[in-house]
1. So, in segment 252-275, how many residues would count as being without any contact (Cβ under 8 Å) to a residue 24 or more places away in the chain and not basic (Lys, Arg)?
2. So Ala84 fits all but one of (1) small (Gly, Ala, Ser); (2) part of a strand (DSSP E or B); (3) assigned by TED's automatic domain parsing to the domain that holds Thr41; what number is the exception?
3. For Asp215, which of the numbered conditions (1) surrounded by fewer than 19 Cβ atoms within 10 Å (Cβ to Cβ); (2) among the charged types (D, E, K, R); (3) not assigned by TED's automatic domain parsing to the domain that holds Leu346 fails to hold?
4. I need a count of the residues in segment 150-185 that are of a type in the set (Val, Ile, Thr) and either in a loop (DSSP other than H, G, I, E, B) or under 18 Å from the mean Cα position of the chain (by Cα) (or both).
5. What is the number of the single condition among (1) out of contact with any Ser or Thr (no Cβ under 6 Å at 6 or more places or on another chain); (2) surrounded by 19 or more Cβ atoms within 10 Å (Cβ to Cβ); (3) under 25 Å from Leu58 (Cβ atoms) that Lys400 does not meet?
6. If the requirement is being of a type in the set (Ser, Thr, Tyr) and at positive phi, which of these qualifies: Thr196, Thr178?
7. Which one is surrounded by the fewest Cβ atoms within 10 Å (Cβ to Cβ), of the residues in segment 244-302 that are among the charged types (D, E, K, R) and under 30 Å from Leu145 (Cβ atoms)?
8. Among the residues of segment 142-171, what is the count of those that are touching a Ser or Thr at 6+ places or on another chain (Cβ under 9 Å), surrounded by fewer than 18 Cβ atoms within 10 Å (Cβ to Cβ) and under 18 Å from Val17 (Cβ atoms)?
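The values are calculated or read from the model by the stated rules, or taken from the named source; none is laboratory data. Note that this is a predicted model, so its numbers are computed, not measured. Cβ placement follows ideal geometry from the backbone for every residue including glycine, while neighbour counts extend to all protein chains displayed.
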Amino acid sequence: MDNNALSPSTRPSACDVIVIGGGPAGSTAAALLAERGYHVTLLEKAHHPRFHIGESLLPANLPLLEKLGVAQAVKAIGMEKWGAQFVSPWHDHQSSIEFADAWDKSMPMAYQVRRSDFDEILIRNAANKKANVIEGCQVQEVTFLPESKGALVQARHDDGRLESWNARFILDASGRDTFLGNRLKMKQRNKKHSSTAIYAHFSDAQRSTGKIEGDITIFWFDHGWFWYIPLTDGVTSVGAVTWPYYLKTRGQKPLDIFFKETIALCPQLAQRLEHAQQQSEVEATGNFSYVCDRTHGDNYLLLGDAYTFIDPVFSSGVMLAMQNAFVGADTVDTCLRHPKQAAAALRKFDQSMRVGPKAFSWFIYRVTNPTMRDMFMNPRNVFRVKEALLSVLAGDVFGKTPTWRSILIFKALYYLGSLFKLKRTVQAWQKRRRNIRTADEAVAAVR
């Protein structure tokens, strides 16, 4: 491309912080920094409201929403979620958990939300707090200036106009676009996990009744697991998270037909959708388990999915993104106001960024293992392990809740159970090694 084509016609505007992306991480960080008096510009490539998957929040989200001042607005659009249901074809019963049974009893529920509504609440909140929110504006280039002098950011508006900013700090909250991760060659495939997703919205799906109507249901099946998330307006979000090889078996088949055939592989789910009507296009995402090799640089931070994404099974994405944003806002504040403390603040930020993925990943890597399924389908509270597990599932991984001993006992019980059924464990381990290969690796192995 001609370099002149990327040159904006006007001189760069000055600002303190550029936020790339207007999802939960970006909007939260922009609001927090604008409240502190910083000149913040948030650049979002789409226009809100826009469709996004990932509708299930965790109880640990609610204190963050309170601090942002949007708790009542989210409550107005949310379906109450008091727990989760687990359905397994290898067990003759359904298992239920309630967040109220977690170690910390102060976070007994969360919400299911349409992300188009939820994300719009957050980005409008940032604008109301005087962040300069610009939608329909996609970042093209970020050039970091020498001697830690900030960065030059160039972006293109929907109408083709180019605009640029000189920013003291960059927050990459671009989600799975992983803007800086790609351009700085930091992004790597997560070799410990690999999955794909197919999903759509349905109306008139069969729901539970009463208090548990809004609970998420997880259905295991041979090729992975399904989510089943009820929303307030009678719509239900349904998605299959599968191993990469499975999506490759689609071939040239239309995606909606392939999705229906996939649902049919799980009779318990198919029964709930027997009279349902599909309300959205079926969409799919490819291999989406990745991590960047660092969380920050001298003048930038990575937030939420711009840093890492593993698997949506425990609905941790929005909570981790918003938690990252709170810590990120504190970090930027320290770096800009107290430069001599920047190194320590960045180290603290790095440690915080790794807490959530580490806490969830141990369970995510094993959630399809038969021993782990048995433990989820038959939870027991010996040594308070059930309370500790529920605390993790509620997102209570950053606080002072003393769950670590019980989590260690849970892991020990898992390993003992695996050893007790060693043949099954070895077979499951070998199968998982095959399953987590990328689709291309799987095809190459067959040849």
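1. Going through segment 252-275 one residue at a time, the tally reaches 6.
2. (3)
3. Failing condition for Asp215: (1).
4. 1
5. The number of the failed condition is (2).
6. Exactly one of Thr196, Thr178 is of a type in the set (Ser, Thr, Tyr) and at positive phi, namely Thr178.
7. Looking at the filtered set, the residue picked out is Asp293.
8. 3
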